[in-house]
1. Being surrounded by 10 or more Cβ atoms within 10 Å (Cβ to Cβ) and aliphatic (A, V, I, L, M), is that true of even one residue in the stretch 57-64?
2. For the stretch 1-36: of the residues being part of a loop (DSSP other than H, G, I, E, B) and of a type in the set (A, V, I, L, M, F, W, C), which is surrounded by the most Cβ atoms within 10 Å (Cβ to Cβ)?
3. Could you give every pair whose Cβ atoms fall below 7 Å, whose first residue belongs to the stretch 58-69 and is within 17 Å of Val48 (Cβ to Cβ), and whose second residue is assigned to a loop (DSSP other than H, G, I, E, B) and of a type in the set (D, E, K, R), counting only separations of at least 6 or pairs across chains?
Amino acid sequence: MEIDFERLKNWLNHFGVPLYQTHASGHIMPQDLRKVVKEISPKKVIPVHTEHPELVKRYLRDLCEVILPEKGKPITFY
């Protein structure tokens, strides 16, 4: 059974349930990424979900080794 959003809001209101709308993009801001990397102190970082991995490398270069993946090339860890 599918109900539209307006009907859902009416039901929530009827039963006194507050409605909170939020949004999460799943992407991290550069300064927050840097904070996370500082906190966990990884030896290596591999940026995989970015259009500009070279910027990640430049931004984190003083904190850890940043490995830029290349299509068809394996990544080794030793």
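Read the figures in this text as sums done on the coordinates, not as results from a lab. It should be emphasised that the depicted structure is a prediction, and the values quoted were computed from it without experimental measurement. Cβ sites come from the backbone with ideal geometry, for glycine too, and all protein chains shown count toward neighbours.
1. Our first condition is that a residue be surrounded by 10 or more Cβ atoms within 10 Å (Cβ to Cβ); within the stretch 57-64, this holds for 57-61, 63-64.
Right, trim to aliphatic (A, V, I, L, M) and you get 60, 63.
Looking for residues that are surrounded by 10 or more Cβ atoms within 10 Å (Cβ to Cβ) and aliphatic (A, V, I, L, M), one finds at least one in the stretch 57-64, hence yes.
2. Initial filter on the stretch 1-36 (part of a loop (DSSP other than H, G, I, E, B)): 1-4, 15-29.
Next cut, of a type in the set (A, V, I, L, M, F, W, C) only: 1, 3, 15, 17, 19, 24, 28-29.
Values: Met1: 2, Ile3: 9, Phe15: 7, Val17: 9, Leu19: 9, Ala24: 5, Ile28: 12, Met29: 9.
Selected residue: Ile28.
3. Taking only residues 6 or more apart or on different chains, the pairs are Cys64/Lys43; Glu65/Lys43.
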